[in-house]
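Since the structure comes first, as structure tokens, the remarks are kept for the end.
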């Protein structure tokens, strides 16, 4: 390129636009190259990723991130081999192969970060405040950043919001690579793309897009920029055309299974949601706590229960989904100054105030809506607004920002009391929390509801963003106190002849810890939604296929064999996928989507056997890392613990597993805990006396039942690595 005296980014983009194919060497991650690959894909160019396999871990790192391995790359070790690769280059346009129609229901797409920092939280709060619905990629939920999925998400979006992180933030290197690719993709497709970084952050170096990154000073500037961008993106969504022109798409290209994360499909979830017994029990108010493993469908139930109650005339639905763990600093400061009894008393008061103020805020918002055609509603909204302003509850931002402001206010009051050497009794702390008096909030709720009103409170994500060094006992107490306070609020409303129900949605591992530390274990109605029934999983996929194909008359077998090879080896193809999904709907959807992407990339008219095998391999690589994070977040063990099992045989003894842990540096005191976690998560199962392989889900997720089986087998037990993970661990 002639770059002397020229604008280099413009020259780079012009050169890509003038090419037929762009060869990207991705041996070592490079922000400019990732941007250019994304830009080329967005412009409809063929992309040829190449990797120098002589570099240590180059292929492994590429497979772990998932960006290029499912669109096909080639390896070389010297210049002659590279020259041979260039002779035969791809010609397909990935943006045409994997594009999706514009999602008018949720037109914004956000690249989320692994750590939920104040910068990130301000962006999410601003998006929510804009009232423009969005989808996101969250590495906490899905660590593997698939290029195929991102092409689908970007083509379906009218606006893309991309935070750029400072190098001091955990996972910043990987996040900024994702950001580079997504920015290039957005620019190539002509989508509105907003890149943000903090002004205090060091200058980010990529030449290709450095000048389009907006530096922001504070939360107010973030809010202004994001709100304007969101509104403009919403307008732009009305005039966007589908990518790829009028070229006919194959049945596989038209197929969509929806999103594997309910947050990204809550506007369309009703079309294919499976109304399970667990959902119906929650809807009937029989349940106070819904517990399930990551990817088991808790949030899907949250959204469907919320939307079902919203359709009822006399219902007031308060749905709370904090975006990060905002109470950690608040908790640490309390622990410094009070004993556990005062801690519990203060946190109970905190939850009581938070829940009632959020219910009152919901009533105000409904009155705001009615005030457009009802003058009495306007006076209700004003009355509530005056009290909320007096108590410091702002009707702006989202729940995350409000709970953060309350925690900050309490800490400031505590610091002032300490400076004045005033004694912090339970009563004083409670008064700090309640400020002008909780009774006024209660009275207004009673005043603007009646005996026919049903108040519903749904609380999800309380365990999102918890510290990565294991769940602290006080975090479990925080959840326990929330559940107890919700029960107290129900009793208080009953006295006033008001109907109130609440449901808290928790990860199953958190709930296990909660039960162990709760004296009255049977008090709260609880429901576990872990999946053990293959027929129910089949129904989940069937409903999504029906919705995508607009075919509600064919059987599952007819629809499935139209799109997928009937068998993989001697196993039916659907059962082959289920064998490798750890009985979680999200994982099953991800595997099938990988298989479909493989089939499209290879020009197949249906998903063939090699597409299925590679999809399982790709997902297995993702699972090894994802499970490591899950285990670390609960136990504090290293996220790399599963890598200690690389190369193990499918069947092995406990001694062999423990030896692997020793070699990986797991402390002696933690080895038994680590082994039990392997069983609890389903990483390991047992080979029974009749030679069957059984995992935790074969025992209804009851670890005590599995351990009882182990005791009967005594020292003869052989353990088995779950096939979902063994694929990655054995390669």
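Using the average count of surrounding beta-carbon atoms within 10 Å as a protection proxy, the listed peptides 157-165, 54-62, 620-628, 265-273 rank, highest first, as 157-165, 620-628, 265-273, 54-62. Contact order for the chain, expressed relative to its length and based on alpha carbon pairs under 8 Å spaced 6+ residues apart, stands at 13 percent. The simple spin-label model puts a point 7 Å past each Cα toward its Cβ; for residue 376 and residue 717 those points are separated by 6.6 nm.
Rounded to the nearest 10 degrees, the inclination of helix 473-495 to the longest alpha-carbon principal axis of the chain is 50 degrees. Sorted from longest to shortest, the spans of the Cα atoms of segment 490-600 along the three principal axes equal 59, 32, 22 Å.
Nearest 5 percent is fine: what portion of the DSSP beta bridges confined to the chain is antiparallel?
On the way: 10 of 54 bridges.
If we restrict to bridges inside the chain, about 20 percent are antiparallel.
What Kirkwood Rh does segment 129-194 have if only Cα atoms enter the pairwise 1/r average? Answer in Å. Walk me through the numbers before you get to the answer.
Values: mean 1/r = 0.0789 Å⁻¹.
Its Kirkwood hydrodynamic radius stands at 12.7 Å.
The translational diffusion coefficient of segment 574-724, from Stokes-Einstein at 25 °C and 0.890 mPa s with a Kirkwood hydrodynamic radius over alpha carbon pairs, comes to 148 µm²/s. Computed from Cα atoms alone, the Kirkwood hydrodynamic radius reported for segment 1-155 is 17.6 Å.
I'm checking a number: the convex hull volume of the Cα atoms of the chain, normalised per residue, in Å³. What is it?
On the way: hull volume 137.3 nm³, N = 731.
Residue-normalised Cα hull volume stands at 188 Å³.
When averaged across all projection directions, what area in nm² does the alpha-carbon convex hull of segment 519-579 cover? Write out the running numbers ahead of the final one.
Values: hull surface 25.9 nm².
The Cα convex hull of segment 519-579, projected and averaged over all directions, gives 6.5 nm².
Summary of the geometry: segment 70-135 and segment 350-410, compared by the centres of their Cα atoms, lie 38 Å apart.
Computed from Cα positions, the angle between helix 172-189 and the longest principal axis of the chain comes to roughly 70 degrees. With contacts taken as Cα pairs under 8 Å and at least 6 residues apart, segment 637-731 reaches a relative contact order of 38 percent. The Kirkwood radius of segment 552-639, taken over pairs of alpha-carbon atoms, gives through the Stokes-Einstein law at 37 °C and 0.692 mPa s a diffusion coefficient of 234 µm² s⁻¹. A viscosity of 1.002 mPa s and a temperature of 20 °C, combined with the Kirkwood radius over C-alpha pairs in the Stokes-Einstein formula, give segment 637-731 a diffusion coefficient of 159 µm²/s. With a ≥ b ≥ c the root eigenvalues of the C-alpha gyration tensor of segment 74-185, is it rounded (a/c under 1.5), prolate (a/b larger than b/c) or oblate? Oblate is the answer for segment 74-185, as a/c is 1.5 or above yet b/c matches or exceeds a/b.
Just so you know, all these numbers are worked out from the coordinates, no wet-lab data involved. This one's a predicted model, so the numbers in the text were calculated from it and none came from an experiment. Cβ atoms come from the backbone with ideal geometry, glycine included; neighbour counts cover every protein chain shown.
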